[in-house]
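The values are calculated or read from the model by the stated rules, or taken from the named source; none is laboratory data. Everything quoted here is computed from the prediction, not taken from an experiment. Here the Cβ positions follow ideal geometry from the backbone for every residue, glycine too, while neighbour counts run over all protein chains shown. Remember, those area values only see protein heavy atoms, side chains included, never the ligands or the DNA or RNA. Shrake-Rupley method; radii C 1.70, N 1.55, O 1.52, S 1.80 Å.
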Amino acid sequence: MTPTGPHIAVVDDEADARAMVGEYLRLHGFDVALCEGGRALRAHLQIRTPDLIVLDLNMPEEDGLSIVRDLKARSPIPIIMLTATASPIDRVVGLELGADDYLPKPCELRELVARVRSVLRRAQGTPPAPAPTTTPASAPAAAPETPSRTIRFGTKWLELDALRLRDDAGMEQPLTRSEFDLLKAFADHPKRALSRERLLDLADARDPDAFDRAIDVRINRIRKKVEPDPANPRYIRTVRGLGYIFRPEGD
């Protein structure tokens, strides 16, 4: 039976590892494409856009970090990084470049499936239900539109219903789902100091190997997008010894 679930691209230069991950994902209902490296992935992207990419970082043809950098500059496709080195530096750099999650190799395949599903849930918005079909004579009067929930974040506006960040001119600022979830956590708790652990919980970014630097990396990425001067943040402030606080007025 051909899987009809979300389309996952598995990128790994090791044929056995690539096949094992692909087979396990297919067993759990995912539609999988196997790519042996960055060149094969880009060729596949010309044919079909995956819902998520599982990417090995250590490949001889082109390292995974350069692939993350290139993809995130052009597309919001979620990426889960895999690496046998388990290097904290690789993990931090990958997060800074916009990757959505991380697992060391060899990984527990059940955990990988759980991570894939979690990242897809964060990345995919729920489409609105289709409007009921009515004839012109029986159609009820249109209800007034509900205003979109929009929160000012420094130089940008966060549109909670549209899941996007834009500037005053309406131009959209690229935003990963993990970044959106953090901004929403701040929007829901303005003027309240939030610990790193609390932010990880609120943003659904908790994982068994979570560490403080992971949340700091995401905050730094957000500040570059919303603060007039990211080196001297006014809106998302550091609370020494605790975590962070969102100051809507920049005071």
Pick out, from 59, 35, 75, the residue whose Cα sits farthest towards the positive end of the charge dipole of segment 1-89, with +1 on the Cβ of Lys and Arg and -1 on the Cβ of Asp and Glu. 75
Lysines near residue 105 by alpha-carbon distance under 23 Å, same-chain residues fewer than 8 away left out - which ones? 72
Say each of residue 237 and residue 96 gets a label point 7 Å from the Cα, pointing the same way as Cα to Cβ; how far apart are those two points in nm? 2.7 nm
Here the FRET efficiency for residue 224 versus residue 163, based on Cβ atoms and R0 = 22 Å and rounded to 0.05, is 0.65
Please calculate how many Å² of accessible area segment 14-105 carries per residue, with a 1.4 Å probe and no DNA, RNA or ligand atoms counted. 46 Å²
Heavy-atom accessible surface of segment 1-61: percent carbon and sulfur, 1.4 Å: 50 percent
Calculated FRET efficiency for the pair residue 152/residue 108, C-beta based, R₀ 41 Å, to 0.05: 0.45
Length added when fully stretched, residue 16-residue 84, from 0.36 nm per residue minus Cα-Cα: 23.0 nm
Could I have the simple spin-label model distance between residue 39 and residue 124, label points 7 Å from Cα toward Cβ, reported in nm to one decimal? 3.3 nm
